[in-house]
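All remarks here apply to the structure that follows.
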Amino acid sequence: MYKDLFRITRMALNSASKLVTMAILGCIFVSQCHAQTKPNIVIIISDDHAYQAISAYGSKLMQTPNIDRIANEGVIFNKAYVTNSICGPSRATILTGKYSNKNGFKDNESSTFDGSQDSFIKRLHASGYLTSWIGKWHLESQPQGFDYWQVLPGQGSYYNPDFLMMDGSKKQINGYASNVIEDVAENWLNNRDKTKPFCLVIGHKATHRTWLPDTTDLGRFDKVTFPLPHDFYDQYINRKAAQLQDMTIAKTMLLGYDLKMFPDAESEDRESTINRMNAAQRKRMDAYYKPIYDDLKARNLTGNALTEWKYQRYMRDYLSTAVSLDRNIGRTLDYLDKHNLTKNTIVIYMSDQGFYLGEHGWFDKRWIYEESFRTAMVMRYPAKIKPNTKSNDFVLNLDIAPTVLDAAGVAIPKDMQGQSMLPLFAKKKAKGRDVIYYHYYENGEHSVSPHFGIKTKRYKLIRFYTRVNNWELYDLQVDPHEMNNIYGEKGYENITRQLKATLNQQIDKFEDNDARQILIHGK
Ligand code: SGN
Ligand code: CA
């Protein structure tokens, strides 16, 4: 009898333990299923990468196969713009889904990001996502709301970059920034808690000034002569702010600092971007640039000939730097493939703003004018977006936060000022914006006057203030390169009145009190 009882108890225990095991397995399964229903999110943000240099956008300057792959497998946004075309403000807008006047980070020179405020990262984190930011951050304060971060101090360095670590220490990693940042990102992915969905932001330093390529990419474009943009010798007639800027290839771009033309080892040694290289890196740099310097010296160029020489050098360095950026974006995509993450991971690639590649004679950004205002943005989201989708709706960096929350099934806070982009891809497609509002505040380096304005499907209305106090108006249909300011010309009274009313509505909508005050007080 005892034997029977023992047998029965054992059977019961066995089946109970089976039940418990099954229950545990079930939980793991359910939690994994749960994790799988929430898409992972990878956002790659580059610095100053011009859409003019991306083959998916029709560039003939170079091939960017990996950015193109995201576009081909998802959507390319042909009309993506930023709210304030400069690094820190763009990142603050991406994080918060708010204009600079609301998130407080108005310019790179005086702002510090208030990390205690709400962000899409914090919302994702609260809903069970692992969150991480690696690479360029440039928001001055420490990142908040992340399970992990490892960021470049300020602009960071191309060679052997330092990183700020979560424990307050600084860590230098040998290598080239784009490769190193990708290595750190993959390392984080390898070691993450794989039961949770994740949101990883990879912030690249490339292609920011001073366009230092990876040594393996030096000389990639040496055989190419790039055509001068048709407006390279723009005289900025009728455009006062453009006349006052300090961002021309002719005058502002420096032969040493920017184009690595150093007369001797001492002047090269003084350059902090170069003197942090190790002996092997420096040797390859010198072997490449020294003969170019000798050739330049022998030619004795002046005037336009020198400016055009600078333009060719600029393009070669800039595009070579972009080669490494694109290659490392490819590594991210390969990683997702290799780990079976592609199907359930949203990938967004974007630049923090546009950039000039010689148009109007310029480099840099800051303006509401097209090359600066418009930015590269492509997104792959296999569950919701068909391959080869082309979007011509106005979208903004402001929309990243609500879009990501929407995709993750997390409520979008009412005070976020952007809109989810996902309804643009629904069966019954939502109607996009008719107008975009812009406000640039900084009044320092490169001498671009602060300004705000709007772009509609046809027109652009701009109000400059502080450095220059005036209006500009462009009919983009007949003047897409914004060469002919028609503000105040006869025949445009009605459209100007209408556009000013629209501008006022936008200022009210986004509660931009600074702009409101300028319109009230006239400066
Ligand atoms: C640096 C650059 C500028 C650039 C700003 C902002 N000068 O100050 O040319 O406009 O960054 O760039 S440098 O001599 O330091 O390279 S941003 O991408 O951070 O907005
Ligand atoms: Ca930037």
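The numbers here are math on the coordinates, done by the rules we state, and not lab data. The structure displayed is predicted, hence computed values, not measured ones. Neighbour counts run over all protein chains shown; Cβ positions are idealised from the backbone, glycine included.
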message: If packing is taken as the average number of other Cβ atoms within 10 Å across a peptide's residues, how do 240-249, 170-179 rank, most packed first?
response: 240-249, 170-179
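Taking 8 Å as the Cα distance limit and 6 or more residues as the minimum spacing, I'd like the relative contact order of the range 432-523 as a percentage.
Once normalised by length, the contact order is 19 percent.
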Length-normalised contact order of the chain in % [C-alpha pairs under 8 Å, at least 6 apart]: 23 percent
Karplus 3J(HN,Hα) series, Hz, for the range 126-131 with 6.51 cos²θ - 1.76 cosθ + 1.60 (x for Gly, Pro): 5, 9, x, 7, 7, 10
task: Using a 10 Å cut-off on Cβ atoms, rank the peptides 470-481, 224-235 from the highest mean neighbour count down.
output: 470-481, 224-235
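Rounded to the nearest 0.05, what FRET efficiency is calculated for V224 and D337 with R0 set to 41 Å and r the Cβ-Cβ distance?
In this case the efficiency is close to 0.85.
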message: Helix-only mean residue ellipticity at 222 nm, the chain, DSSP H runs n ≥ 4 weighted -39,500 (n - 2.57), per residue, nearest 500. What is it?
response: -11500 deg cm²/dmol
field: Cβ-based net charge around A80, under 11 Å, with every Lys or Arg adding one and every Asp or Glu removing one
entry: 0
field: Pairs from K106/K509; K122/K509; K106/K338; K79/K102; K102/K136 whose Cα-Cα separation, in the structure shown, is over 29 Å
entry: K106/K338
query: So which aspartates and glutamates pass the test for K455, namely a Cα distance under 17 Å, with those fewer than 8 places away in the same chain ruled out?
result: E370, E371, D393, D399, D434, E472, D475, D479, E482, D508, D512
- line: Reduced to Cα centres, the span from the range 453-490 to the range 46-72 in Å works out to 28 Å
statement: With a Förster distance of 41 angstrom and the Cβ-Cβ distance between T112 and Q243, calculated FRET efficiency to the nearest 0.05 equals 0.80
query: Can you give the net charge of the other residues whose Cβ lies under 9 Å from the Cβ of F232, counting K and R as +1 and D and E as -1?
result: -4
- request: Measure out, as a whole number of angstrom, how far apart the alpha-carbon centroids of the range 128-185 and the range 297-328 sit.
  value: 29 Å
- prompt: To the nearest 20 debye, what is the magnitude of the charge dipole of the range 239-376 about its Cα centre, counting +1 on the Cβ of each Lys and Arg and -1 on the Cβ of each Asp and Glu?
  reply: 160 debye
query: Which residues does a label at A250 reach in the range 302-341, if reach means a backbone N under 16 Å from a point 7 Å past the Cα toward the Cβ?
result: 302-312
message: In whole Å, what are the extents of the range 201-340 along the principal axes defined by its C-alpha atoms, from largest to smallest?
response: 55, 40, 28
message: Can you pull out the chymotrypsin sites (Phe, Trp or Tyr not before Pro) in the range 184-224 whose DSSP state is coil and whose Cβ has at most 13 other Cβ atoms within 10 Å?
response: none
field: the range 159-287 - percent relative contact order, Cα under 8 Å, separation 6 or more
entry: 20 percent
message: Please compare each pair in K98/K205; K38/K365; K38/K60 to a cut-off of 27 Å on the Cα-Cα distance and tell me which ones are over it.
response: K38/K365; K38/K60
task: Based on the mean of other Cβ atoms within 10 Å per residue, sort peptides 255-262, 141-148, 288-295, 364-371 so the most packed one is first.
output: 364-371, 255-262, 141-148, 288-295
message: Students often forget the sequence filter, so: which lysines lie under 17 Å Cα-Cα from K523 once same-chain residues fewer than 8 apart are removed?
response: K240, K500
- prompt: Summing +1 for each Lys or Arg and -1 for each Asp or Glu, what net charge is found among the other residues whose Cβ lies under 12 Å from the Cβ of I518?
  reply: +1
message: Please give me, ordered by residue number, the trypsin sites (Lys or Arg not before Pro) of the range 461-493 that lie in loop per DSSP and have at most 16 other Cβ atoms within 10 Å.
response: R467, K490
statement: As straight-line cross-link partners of K428, the qualifying lysines (C-alpha separation under 18 Å, not fewer than 8 residues apart within one chain) are K384, K386, K390
- line: Counting every C-alpha pair in the chain, the percent lying more than 46 Å apart is 16 percent
task: Would you work out which of Y440, Y492, F394 lies farthest towards the positive end of the dipole of the chain, given +1 charges on the beta-carbon of Lys and Arg and -1 on that of Asp and Glu, about the Cα centre?
output: F394
